Amino acid sequence: MLPAKSTLLFFTLLLFFTSSYAQIKPGHTEITKWPDNKNGALSITYDDGNINQFKYALPIMERLKLPATFFIITGGIPGSKYHGKFIGRPVKTIIAESATIPTNTQNFLERCSAAGYLGYKGTITYHTKAASLYDEGKTKEAYLLMDSLYRKVRHHDFKPGYQPCDEVLQEKGSTWADFRADAAKGYEFASHSITHASMPALDSVNIAYELLNSKAEILDKLGPKYIFSAEVPYGYENARVMSIAYKIYPALRNRMPEPWLKEIDRASDQTPGTTAKDYIQWQRGATTKTPLPLMQSWVDTATIRTDTWLVLVIHGVDGLGYEALPHTLLQQYFNYIKARQNKLWTATFGDVTKYMREREGTQVQSSLQKDKIVIHLNCPLDKAVYNVPLTIKTYVPDGWKQVNIAQGEYAQKERVLKDGYGNYVTYKANNNRARVVISKSL
């Protein structure tokens, strides 16, 4: 048993540290890590835009009111202006040269860029395979594959014509009118290039053609809201390709090199773990061999933590497309996600990106002025693009039970809550607009 003086000192120190820990001055304002102060974020994304995604997966998400992002290949949609083509010298000249000059460092990108447009069916697969080899550093194998292709072309071993890759063919049945109707329901559409080209093996001119004109097509058919996000096909993170793509799209699912973001791509076995950065983007892609409990554990991890953005990558659905998942599995999985929305913010890829950037880039200034608190939110980002409302948490004086919150013409009433630091309110506000004024409600 402690002596009386020691006991008194112990409780005095305990009271001091407890009260010091709990005291946050009225007026202190912060932006919550996620909207509505949720624990994490989740984005459902689809690659390639194949028709079964819209026939079987989309209706499930509509019933559950789950948003998603669709990365679409624009060139194969009826009514598109921009289609696959080779930008460069006449292909007959390139074919003729290949008879005497082997593929090498100087001519590989040109030959591989032209590979799908030599006037024959079946040549695009050589482009895709060579790009994979080249990106892996297996340049000699990539050069030999190009030599093999051009030799077969000179010998007329292929049928005349043009044949796009399977991903383009699997979009058959999709229309821009359908995409506009789905976009109006809140779904995000984003670029996945014109032809699903393997860009590490394209020269810079042809990379730019694929990305710029896919963007132009989406702008024309869907509007400026849908040219924010993109995914370079096959998930490549090739530095040369990324340097071009970053200049065209504000947000790439391939890479997002932000100083405050840790990235884990879907090919990695790594889990979120610990980090000094504010956020973690954790990509996961289920295959036909991925058990549902493992898929559910990804959601659980994002729900338990407070820094994780789970990005789900889905390709095929019901037998059509790469690693096609049955819609019955998606139904179970999406129900599981829906049941955890009280702790997990489910939003499009673009909206989560915007919220994080807004939060990281916004300066908050607040002051307590007699019977009101005035808050200014200043952010250098383009407010026409970065327009996702932020969730704000402001501590208010003792005795305030309910408050009036006004920002411009927008006004609301909120009940005062309490945590270990004091009394506070949370509310939505927009960057770079009128100041926020909080006053005690009588």
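The values are calculated or read from the model by the stated rules, or taken from the named source; none is laboratory data. Everything numeric in this text was worked out from a predicted model, so none of it was measured. FYI the Cβ positions are ideal-geometry reconstructions off the backbone, even for glycines, and counts take in every protein chain you see. Areas reflect the complete protein model, heavy atoms only, side chains present, ligands, DNA and RNA absent. Shrake-Rupley method; radii C 1.70, N 1.55, O 1.52, S 1.80 Å.
Worth a mention:
- Vicinal HN-Hα couplings computed from phi for segment 427-440 (Karplus, 6.51 cos²θ - 1.76 cosθ + 1.60; Hz; Gly/Pro x): 6, 9, 8, 10, 5, 6, 10, 4, 4, 9, 10, 10, 9, 5
- Here the Karplus relation 6.51 cos²θ - 1.76 cosθ + 1.60, evaluated at θ = phi - 60°, turns the backbone of segment 32-42 into coupling constants of 5, 4, 10, x, 6, 6, 6, 7, x, 10, 9 Hz, with x for every Gly and Pro.
- HN-Hα J in Hz across segment 353-358 - Karplus 6.51, -1.76, 1.60, θ = phi - 60°, x for Gly and Pro: 4, 5, 4, 4, 5, 4
- Whole-angstrom Cα spans of the chain along principal axes, big to small: 99, 56, 43
- Accessible surface of segment 233-380 [probe 1.4 Å, protein heavy atoms]: carbon and sulfur percent: 50 percent
- With the simple spin-label model, which puts each label point 7 Å out from Cα in the Cβ direction, the Ile87 to Leu169 separation comes to 2.8 nm.
- Dipole magnitude of segment 26-147, debye to nearest 20 (Cβ charges: Lys/Arg +1, Asp/Glu -1, about Cα centre): 340 debye
- Anchor Lys55: lysines whose Cα lies under 19 Å away (excluding residues fewer than 8 positions away in-chain): Lys65, Lys172, Lys185
- Span from the segment 382-442 Cα centroid across to the segment 241-308 one, whole angstrom: 31 Å
- Using C-alpha pairs under 8 Å with a sequence gap of at least 6, the mean separation divided by the residue count of the chain gives a relative contact order of 22 percent.
- Ratio Rg/Rh, restricted to segment 56-201 and using Cα atoms, in which Rh is the Kirkwood radius: 1.08
- Taking only protein heavy atoms and a 1.4 Å probe, the accessible area of segment 80-178 is 56% carbon and sulfur.
- In this structure, the amide hydrogen of Asp48, modeled 1.01 Å from its nitrogen in the peptide plane, lies closer than 5 angstrom to those of Phe71, Ile73, counting only residues at least 5 positions away or on a different chain.
- Positive-end extreme of charge dipole, the chain - chosen from Tyr134, Leu442, His192 (charges on Cβ): Leu442
- Cross-link reach list, lysines versus Lys138, counting only Cα pairs under 17 Å and skipping chain neighbours closer than eight places: Lys129
- Cα-only radius of gyration and Dmax that characterise segment 160-304, units Å: 17.2, 57
- Between Ala177 and Ala384, the simple spin-label model (points 7 angstrom out along Cα→Cβ) gives 3.1 nm.
- Residue ranking by accessible heavy-atom surface, 1.4 Å probe, largest first, among Leu368, Leu64 comes out as Leu368, Leu64.
- DSSP beta bridges in the chain [antiparallel fraction, %, rounded to 5]: 55 percent
- Once C-alpha pairs closer than 8 Å and six or more residues apart are averaged by separation and normalised to the residue number of segment 294-442, the relative contact order reads 19 percent.
- Simple spin-label estimate for Gln332 and Phe158 in nanometres, 7 Å along Cα-Cβ: 4.2 nm
- Overall shape: oblate for segment 331-384, with the ratio a/c of the largest to smallest alpha carbon gyration tensor axis at 1.5 or above and b/c at least equal to a/b.
- Contour minus Cα-Cα distance for Lys55 and Lys140 (0.36 nm per residue): 26.3 nm
- Close amide H contacts of Gly40 (hydrogens built in the peptide plane, cut-off under 5 Å, sequence separation of 5 or more or a different chain): Trp345.
- Rounded to 0.05, the FRET efficiency of the Thr306 and Ile101 pair, given R0 = 41 Å and the Cβ-Cβ distance, is 0.10.
- Restricting segment 348-424 to trypsin sites (Lys or Arg not before Pro) that sit in a DSSP loop and have at most 12 other Cβ atoms within 10 Å of their own Cβ leaves Lys370, Lys401.
- Rolling a 1.4 Å probe over the protein heavy atoms leaves Phe54 with an accessible area of roughly 30 Å².
- Per residue accessible area of segment 156-257, 1.4 Å probe, in Å²: 40 Å²
- Annotation: extensible slack from Leu417 through Asn404 equals 3.3 nm (criterion: 0.36 nm per residue apart, minus Cα-Cα distance).
- Within segment 297-442, antiparallel bridges make up roughly 95 percent of the DSSP beta bridges whose residues both belong there.
- Only one residue of Gln369, Thr275, His83 has its Cα farthest out toward the positive end of the dipole of the chain, where Lys and Arg carry +1 and Asp and Glu -1 on Cβ, and that residue is Gln369.
- In the assembled protein chains, Tyr421 presents an accessible area of approximately 80 Å² (probe radius 1.4 Å).
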